[in-house]
Amino acid sequence: MTRKIFRYILFVSSVVLAVGIALTMVVQYHYFGDQLEEELEREASYLEVVVKNQGVEGLKEVADNSERITLIDAEGAVLYDNRADESSMENHADREEFVEAKSLGRGKAVRQSETMAERTIYFAIRLESGEILRVSSTQYNILALIGGMVQPVVIVLVIMIILAAVFADKVAARIVEPINKLDLEHPEDNDNSYEEITPLLTKIHKQQRQIGQQLAEAVHRQEEFQVITDNMQEGLLVIGRQTELLSCNRSALKLLGVKEAEEKDSVLALNRSEPFRKSVEAVLSGKHESIMMQIQDRVCSVIVNPVFQDGKVTGGVLLLLDVTEKMERERLRREFTANVSHELKTPLTSIQGYAEIMKEGIVASADVPKFSEKIFEEAGRMITLVEDILKISRLDEGCLPYEDEDTDIYECVENVFAHLQSSAQRKNVELSLTGEHCHIMTKKTIFEEMIYNLCDNGIKYNREGGKLSVSIDETAEKIEVKVEDTGIGIPAGDLEKIFERFYRVDKSHSREIGGTGLGLSIVKHAAACLNMNVDVTSQEGTGSVFKILIKK
Ligand code: ADP
């Protein structure tokens, strides 16, 4: 800007200078021309007196030869000329100044030289004798005058231009200085010396405020978006047309098993599997798709949605859902259904078999009560099984419909013992309970069911004359309910599996003693539902210890 202002000032000053000099010269030229004319007129008047008194001789005596003096008779013949031989001069009767002086008494003419470099000013006076006295002088014309003055004019011009340049430099710097000093960060606080730029500063201030507000809003929205996406369990990836990553949330990185992702890198760098690549290709070709892919030990569902702008695909949104648990649940449900059908089929087949034999009448009447007893037993087993299935289903639905209530653990165990008294007696198993009455808030029915199943197993899988001891141990942090038996024990290899649905260490033995394979599964499920822990230790042939841990 300083350079530009400098150049403008220099240019304007140079033009003004040049025009000024030229105008001065023109004015001078005309001024000197007028002066010359007046001088010629004065000289002519003086010479008129000389001729009157002394005749032509008087003219010859005029010492000053600066002007040309010509005496012409009334017919135009030159009588005397101080610069030329009068006899060689042509007749002047047609000269403008001669004609004018002859008729008016005074005449004036200006004639350019052939080269146009000079002009001659003529002034003529008609004498009393009728002769014409002419005085003339030559003056350089304006161009010749300029030509003659080129050197000094150029020197003056150069000096002036140098001065103008120094002046322009200083002025330009002075003009620009307050502008350079403006604090555009705080336009309103400026001590502004140019009132013309006040509207501009006000506008800048206004725009700055607007930009600040918009920026804050954008940052706020971005943060909001970040918080929302970071708290999403689903993985979210936003990609551009060239597969470049535009945005991703924490869950997406976690699901893809990467620590961090560089924005603008290709999303394919995050996972190089075939299904992922295909889903990216699909979304960028404008397709909505949902595919399943395995990432390490997890199963992911990738839902892709293209982003359109003006009918063209400009990117895509990929939603990653961890469906491992869902798939596992599906698998367990399928397995459970198959197991339930199988478990129900066994007693039903027995019932059908006994009933068919009785229907055919091939059973001796003495055996009918025995067969009826079998049918009754199998039906009872089925009822127990269906009851257990219903319990499991209820637990699957989240402990519904039970509510938390004040529960005395000691009392619960006493109730269970009361129910199991006869079966314990049948097997000659001694029941013992130690510990204090301690209270918890829990779903009492479900809790009692847990204790019942563990004690029932402790009797069922006990030896004749064995022992089943339950102890309740309360500390500041926890309550531990220990169910210990002196039974057959569980092989180490089966310990992990006994909590699975329908798992039995010895299927026929369990069936024989009326087991469904669901008891411990109900215990584990109920514990999770009541926020308790169950674990087991066992020694084959010696006995097992089941512990329920209740954190306070
Ligand atoms: P079941 O109805 O067959 O008893 P459970 O789910 O209660 O089914 O138990 C699963 C299996 O674990 C049983 O079949 C049995 O083999 C084993 N088991 C459970 N409790 C005990 C125990 N106290 N002593 C020995 N084995 C046990």
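The values are calculated or read from the model by the stated rules, or taken from the named source; none is laboratory data. Keep in mind the model is a prediction, meaning the values are calculated, not measured. Glycine gets a Cβ as well: all are built from the backbone with ideal geometry, and neighbour counts include every protein chain shown. To get the accessible areas, we keep the full protein, side chains included, count just its heavy atoms, and leave off ligands, DNA and RNA. Shrake-Rupley method; radii C 1.70, N 1.55, O 1.52, S 1.80 Å.
Side notes on the structure shown:
- With every protein chain in place, the chain: carbon and sulfur % of accessible area (1.4 Å): 54
- Here the label points at GLU480 and THR346, each 7 Å from Cα along the C-beta direction, are separated by 3.5 nm in the simple model.
- Cross-link partners of LYS478 among lysines (Cα-Cα below 17 Å; sequence separation of 8 or more within a chain): LYS547, LYS551, LYS552
- Computed over the stretch 2-148: relative contact order in percent, which uses C-alpha pairs under 8 Å that are six or more apart: 22
- All aspartates and glutamates inside 20 Å of LYS312 as judged from Cα atoms, apart from same-chain residues fewer than 8 positions distant: GLU244, GLU281, GLU289
- Residues SER14 and GLN112, FRET efficiency given R0 of 35 Å [Cβ-Cβ distance, rounded to 0.05]: 0.65
- Projected label distance in nm at GLN294 and MET358, using a 7 Å step from Cα toward the beta-carbon: 5.2
- Once the chain from ASP535 to LEU246 is taken as fully extended at 0.36 nm per residue, the excess over their C-alpha distance is 99.2 nm.
- Cross-link reach is defined here as a Cα-Cα straight distance under 24 Å, omitting same-chain residues fewer than 8 places apart; for LYS52 the lysines meeting it are LYS60, LYS102, LYS108.
- Calculated FRET efficiency for the pair GLU397/VAL545, C-beta based, R₀ 51 Å, to 0.05: 0.95
- Of VAL16, ASN531, ILE392, farthest towards positive along the dipole that unit charges on Lys, Arg, Asp, Glu beta carbons give the chain: ILE392
- Computed [θ] at 222 nm, deg cm²/dmol, the chain (DSSP H ≥ 4; -39,500 (n - 2.57); rounded to nearest 500): -17500 deg cm²/dmol
- For the stretch 157-223, the set of GluC sites (Glu not before Pro) satisfying both a DSSP loop assignment and a count of at most 12 other C-beta atoms within 10 Å is given as GLU185.
- Two tests apply to each whole DSSP H helix in the chain, Cα reach of 30 Å or more along its axis and mean Kyte-Doolittle hydropathy of at least -0.5, and the ones passing both are 2-61, 142-180, 368-396.
- Subtracting the Cα-Cα distance of THR120 and ARG3 from their residue separation scaled by 0.36 nm leaves 37.1 nm.
- On full extension, the segment bounded by ILE383 and ASN428 gains 13.6 nm, given 0.36 nm per residue less the C-alpha separation.
- Total charge dipole magnitude, the chain, about the Cα centre, Cβ charges on Lys, Arg, Asp, Glu only, Debye to nearest 20: 2340
- MET149 paired with SER301, simple spin-label distance in nm, labels 7 Å along Cα-to-beta-carbon: 10.1
- Surrounding net charge for HIS437, when Lys and Arg each add one and Asp and Glu each subtract one, Cβ distance under 9 Å: -3
- Remark: the chain carries 60 Å² of accessible area per residue (probe radius 1.4 Å; ligands, DNA and RNA excluded).
- Rounded FRET efficiency, nearest 0.05, which uses the C-beta distance separating ASP34 from ASP169 and R0 of 45 Å: 0.60
- Residues of the stretch 245-274 with amide N under 20 Å of the 7 Å Cα→Cβ point at VAL227: 248-252
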